[in-house]
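Worksheet: the structure to be examined is printed underneath.
No value in this document is a laboratory result; all are computed from the given coordinates. Note that the structure is a prediction, hence the values are computed from the model and not measured. We place every Cβ from the backbone using ideal geometry, glycine too, and count neighbours over all the protein chains shown.
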Amino acid sequence: MPFSALAQYGVTFASLGAGQQQALITRGNGDPNAAIVRLDETINASGKLTINGLEFNWVQPLDVIKLKGLGFTANFTIIDQKGEGAAPAIATNVPPETVNATLYYEDHGVSARVSLTKALGSQNSGPNSNQQGVIGAELFGVDYKQVDFSSSFDFGEMFGWNEFVPQLTIDAINLTGETRVSYNQFTNATFTEFDSGRRIDAIRSARASLSRRRGSHRPASPSSPAHARRGPSPFRSARHSTARLLH
């Protein structure tokens, strides 16, 4: 449509910036009102998205079979979605099936967990996003799984030592070195590939302790600085040292 048709919407030549005005003059061969422009309007289309899901959880300590401290948890989630109408919607990045499972041990100062997360591939864009200019093309993620490990060791409780003996924490993320991959409509058209690698953290920490001073306490005299009677801080801060390995 000619630019002059936009006046009914409050868009006039005088309301534009200098650069826009010059572009209209050039496009209209000297007459900005004769320049052909494109007018886009966004409207709401009828559409409905229905999501149904089921979730199952199982928490099982194994003390009942005399395996004290051992146990496992499991979670299974199913999601079904359906878009209807002139503009059917979709919830992106929602896997149709997800599994989480953890095997744990907690006793005698030792806490350890191995966790598995597995999710089926899901649609990551759309609908009708026409990825990379291809009509009808959408982005999808491939199936993904990840194994993690976390643990802590309280040596004081394990060996009956002093309660202020340092603790050790070891965490491992993505033990099997999985890679996240997405593709553009076809599985052989890789769109992104993210390799975070395997990460291992080892942290040694000492518990904070309270130091007591012997002898009676006397308040500082008004004439003396407050810090003159102030002894060592009653608290010793915890110390930490960290080692990290990346593969």
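Indicate the gyration tensor shape class of region 69-195 (rounded, prolate or oblate), computed on the Cα atoms with a ≥ b ≥ c the square roots of the eigenvalues: a/c under 1.5 is rounded; otherwise a/b larger than b/c is prolate and the rest oblate.
prolate
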Worksheet item: Which Cα, out of 46, 14, 101, lies furthest along the positive dipole direction of region 1-143 (beta carbon charges, K/R +1, D/E -1)?
Response: 14
Worksheet, complete the sentence: Amide H proximity to residue 71 below 5 Å, modelled H, separation 5+ or other chain, gives 62, 104
Worksheet item: To the nearest 20 debye, what charge dipole does region 82-181 have about its Cα centre, counting +1 at the Cβ of each Lys and Arg and -1 at the Cβ of each Asp and Glu?
Response: 520 debye
Worksheet item: Sorted by average packing, counted as other Cβ atoms within 10 angstrom per residue and highest first, what order do 27-38, 165-176 take?
Response: 165-176, 27-38
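Of the chymotrypsin sites (Phe, Trp or Tyr not before Pro) in region 107-178, which ones lie in a loop per DSSP and count no more than 13 other C-beta atoms within 10 Å? Walk me through the numbers before you get to the answer.
Numbers: sites: 140, 144, 149, 153, 155, 159, 161, 164; in loops: 161, 164.
Here the sparse-neighbourhood loop sites are 161, 164.
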Worksheet, complete the sentence: Here the residues of region 120-164 lying in the modelled label zone of residue 99, meaning backbone nitrogen under 16 Å from a point 7 Å along Cα-to-Cβ, are 120-121, 143-148
Discussion item. For the pair residue 189/residue 129, report the inter-label distance in nm, with labels modelled 7 Å from Cα in the Cβ direction.
Written reply: 1.4 nm
Practice prompt. Mind sorting 79, 25, 135 by how few other Cβ atoms lie within 10 Å of their own Cβ, fewest first?
Written response: 135, 25, 79
Response to the item:
Between the residues 123, 85, 169, the Cα farthest towards the positive end of the dipole of region 83-183, that dipole coming from +1 and -1 charges on the beta-carbon of Lys, Arg, Asp and Glu, is from 85
Item to complete: Go through region 74-87 residue by residue and turn each phi into a ³J(HN,Hα) via Karplus (6.51, -1.76, 1.60, θ = phi - 60°); whole Hz please, and just put x for glycine and proline.
Response: 9, 9, 10, 10, 10, 10, 10, 10, 9, x, 9, x, 5, 10
